[in-house]
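No value in this document is a laboratory result; all are computed from the given coordinates. Keep in mind it's a predicted model, so treat the numbers as computed, not measured. Cβ coordinates were reconstructed from backbone atoms using ideal geometry, including for glycine residues, and neighbour counts include every protein chain displayed.
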Amino acid sequence: MGFDLDLVFRVAAIGIVVAFIDVVLTKARRDEFAQVITLVGIAAVFLVVAQFLAHFFQAVRSIFHL
């Protein structure tokens, strides 16, 4: 199991999209929506990282036959 660079790009893409939407909503004086979008972005990144960790621990279990 090597380091998956796709994970880094996926997290970066989510961050860039969330930052862009946040700036647009903040300029439109929709700060509440901007905050919700930021929280949704954090949740999305959390889910991506959680999936990666699940695969990682599954690989560790298979290596050590647990």
Filtering segment 43-66 down to residues that are under 14 Å from the mean Cα position of the chain (by Cα) and free of Cβ contacts under 8 Å to residues at least 24 places away in the same chain yields Ala43, Phe46, Leu47, Ala50, Gln51, Leu53
Of the residues in segment 1-42 that are in a loop (DSSP other than H, G, I, E, B) and touching a residue at least 24 places away in the same chain (Cβ under 8 Å), the one that is surrounded by the fewest Cβ atoms within 10 Å (Cβ to Cβ) is Met1
